[in-house]
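Read the structure below first, then the notes.
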Amino acid sequence: MVGGLAEISVDIPPFLMVTGRNQSSGLNLTGLKRQGTPLESISELKRCYLDLIKNYGSPAKRSRQMLKKGTFTSSEAKEFLDFLAMEKRRYVHHRT
């Protein structure tokens, strides 16, 4: 979901809300719930997102590591990690 007056010039990972200039403001929890996403999948997606924004380094590299370990199993978390794992893609980053 893109907020009003947001300036977007890069890709947006699935399930995120974006405000400002290429900055994620978190997961679109309302949209996930309205879509009927199971609460277990939402919880796993939250853990995945928080793990990525709390740790330093390349999100692409960490995403590939998480996928390889099989840490997250929901289709939503895998879709999110697959998106971030693409090395050459530019995407929004979490607002600090």
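None of the figures in this text is laboratory data; all of them are computed from the coordinates on show. On a predicted model such as this, the values are computed, not experimentally measured, just so you know. We place every Cβ from the backbone using ideal geometry, glycine too, and count neighbours over all the protein chains shown.
Summary table
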quantity	calculated
Sequence of Arg89, Arg34 once ranked by neighbouring C-beta atoms within 10 Å, starting from the fewest	Arg34, Arg89
Ranked list, fewest to most other Cβ atoms within 10 Å of each Cβ, for Ser43, Ser9, Ser63, Ser25	Ser9, Ser43, Ser25, Ser63
Pair Lys33, Thr73: separation of 7 Å Cα→Cβ label points (nm)	2.6
Computed [θ] at 222 nm, deg cm²/dmol, the chain (DSSP H ≥ 4; -39,500 (n - 2.57); rounded to nearest 500)	-14000 deg cm²/dmol
The chain - Debye-derived log10 I(q)/I(0), Cα point model, q = 0.13, 0.14, 0.18 Å⁻¹	-0.41, -0.48, -0.81
